[in-house]
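The values are calculated or read from the model by the stated rules, or taken from the named source; none is laboratory data. Keep in mind it's a predicted model, so treat the numbers as computed, not measured. What goes into the accessible areas is simple: the full protein's heavy atoms, side chains included, and nothing from ligands, DNA or RNA. Shrake-Rupley method; radii C 1.70, N 1.55, O 1.52, S 1.80 Å.
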Amino acid sequence: FVLEFEDIIDSYSMNDVSDNGGGWPASAAKAFVYKIYNSFPTDLKSGVIDTYTVSGYGKSDTSNFTRTEKIYLLAPGEIYKNWSNSGDTARTLTRQLDYYNQKNVTTTSYSNAIKKRNTTAIEWWHRTATNEDGNSFFITYSNGSSDIEYAIEVLGISPAFRIG
């Protein structure tokens, strides 16, 4: 059972510089998300189970990142039903989460991918680096569509985790 924060819980940059080398595993955002996890009450943390994640890589890396995570950001393919962006090297290795499937979120029908900070829709990070450059990760725009953004930009954080 995957739980995802409904909206943006904080804002952070993916990295301190515009670089996607090392992808999600090496990112400042991953360290930040784990600080959030470490702030969970003990009872909640004891119910969080490991999730096997696959994340696409950037220009300076050579293979997808596979990890077992307690908490993570979503990949674009977990949000958009027909995700096929060639810059995502893991695009065929993830599947759309049931929530987004029920909301029929696609790359052309994406309003149900909008997340807000307070009452304002803002951009939010995905864990997937783009292979089209060495500077960017995928994001969801404030209108729900997806694109890439420089890793140094401060965007929304909305992590997910599994309980069992």
* Asked: Given Cα pairs under 8 Å that are at least 6 residues apart, what percent is the relative contact order of the chain?
  -> 35
* To do: Determine the gain in length on full extension of the stretch ASN118-SER60; use 0.36 nm per residue of separation and subtract their C-alpha separation, reporting nm with one decimal.
  => 17.2 nm
* GNM flexibility winner over the chain from ILE122, ILE36, ILE148 (Cα, springs under 10 Å) -> ILE36
* To do: Pairs of lysines 8 or more apart, or on different chains, with alpha carbons under 13 Å: count those in the chain, would you?
  => 5
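Counting heavy atoms of the protein chains only and a 1.4 Å probe, report the per residue accessible area for the chain as a whole number of Å².
Numbers: 7770 Å² over 164 residues.
Value returned for the chain: 47 Å² of accessible area per residue.
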* To do: Evaluate the relative contact order of the range 101-164 (contact order divided by residue number), counting alpha-carbon pairs under 8 angstrom at least 6 apart; express in whole percent.
  => 29
* **³J(HN,Hα), Karplus 6.51/-1.76/1.60, whole Hz, each residue of the range 149-164, x for Gly, Pro** => 8, 4, 4, 7, 5, 8, 10, x, 10, 9, x, 10, 7, 10, 10, x
* Asked: Per the 1.4 Å probe, what fraction of the accessible area of the range 1-55, in percent, lies on carbon and sulfur atoms?
  -> 54
